[in-house]
Amino acid sequence: MKFKLNRRTFIKRAVYALLSLEIIYVFTGLLRKKKAKKVSDGWFDAGNINFFEKGKVYPFGAAHFYLSRLEDGGLLAISIHCTHLGCAIQFNQNKDRFVCPCHASSFNKYGEVLSPPATRALDIYPITIQDDKVMVDVNSPLRRNKYENSQVTYV
Ligand code: FES
C-alpha cells in the first residue's frame, strides 16, 4: 500500500499538530500554577476550616501529613512518617487509629503511640488559620516524645 501525502494535507496536519502542542502546553502550565498555589513559602493551604468535621482525620499524602480535627474542634497536622523507621502510616477508619504497614506500630488521632515498636509520638507541623483557611507549615516538622494539649491549634 502506497502512502501519499499532498502539500495541502501536510500543511493541515502540521497546523493541527502545532495547535495540539499549544493546547497541551497551556493546560500543563495551568496545572503547574494551581499546584504552586497550594504551597507557598512552605505553607500548605489545606482548605477552609468549615470543611473539616470534628472527630475526623483527613489525608494530605502529597504534603506528607494527616489533618486530625479533634472532637473539641482543635487541629493537629500529623506527619505520615512513622517514628520507628519512617514508613508511611495509614489511617484506619474502622479502628480509628493510624497504623504502620511495616512493623504494625499504631497511633491514636493525637499521634500518641498505642502499640510498639515505635516509642514516641508522630511528628506534627505548625498550623495557622488565615481567613478561615487552614495553613500548614510543611517545612517545619516538630519532633515530640508525647502529645501535649499545647500542640493543638484552635480557631
Ligand atoms: S517503620 Fe513503622 S513500625 Fe517500623
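Values as computed for the structure displayed
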quantity	calculated
Region 61-122 versus region 125-153: alpha-carbon centroid distance in Å	15
Separation of the residue 132 and residue 41 label points, Cα + 7 Å toward Cβ, nm	2.3
3J(HN,Hα) from dihedral phi, region 118-132, Karplus parametrisation 6.51/-1.76/1.60, rounded to Hz, x for glycine, proline	4, 10, 10, 5, 5, 5, 10, 10, x, 10, 9, 10, 10, 6, 6
Karplus 3J(HN,Hα) series, Hz, for region 61-69 with 6.51 cos²θ - 1.76 cosθ + 1.60 (x for Gly, Pro)	x, 5, 9, 6, 8, 10, 9, 9, 8
Average Cα contact separation per residue, region 100-155, under 8 Å, 6 or more apart, as relative contact order %	26
Kirkwood-Stokes translational diffusion coefficient of region 43-151, alpha-carbon pairs, 37 °C, 0.692 mPa s, µm²/s	239
Modelled FRET efficiency - R0 41 Å, residue 50 with residue 15, Cβ distances, 0.05 increments	0.25
Sequence-distant aspartates and glutamates (8 or more away, or on other chains) whose Cα lies within less than 15 Å of residue 56	71, 72, 96
Using θ = phi - 60° and Karplus 6.51 cos²θ - 1.76 cosθ + 1.60, couplings along region 81-91 (whole Hz; Gly, Pro as x)	8, 4, 7, 7, 10, x, 5, 7, 6, 10, 8
Amide H contacts of residue 97 (H built 1.01 Å from N, under 5 Å, at least 5 apart or other chain)	92
log10 of Debye I(q)/I(0), alpha-carbon scatterers only, for region 90-154 at 0.12 Å⁻¹	-0.35
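Every read-out reported here was derived from the displayed coordinates using simple, explicitly stated rules and does not represent laboratory data. Because the structure is a prediction, the values reported are computed rather than measured. Heads up, the Cβs are rebuilt from the backbone with ideal geometry, glycines too, and the neighbour counts pull from every protein chain shown.
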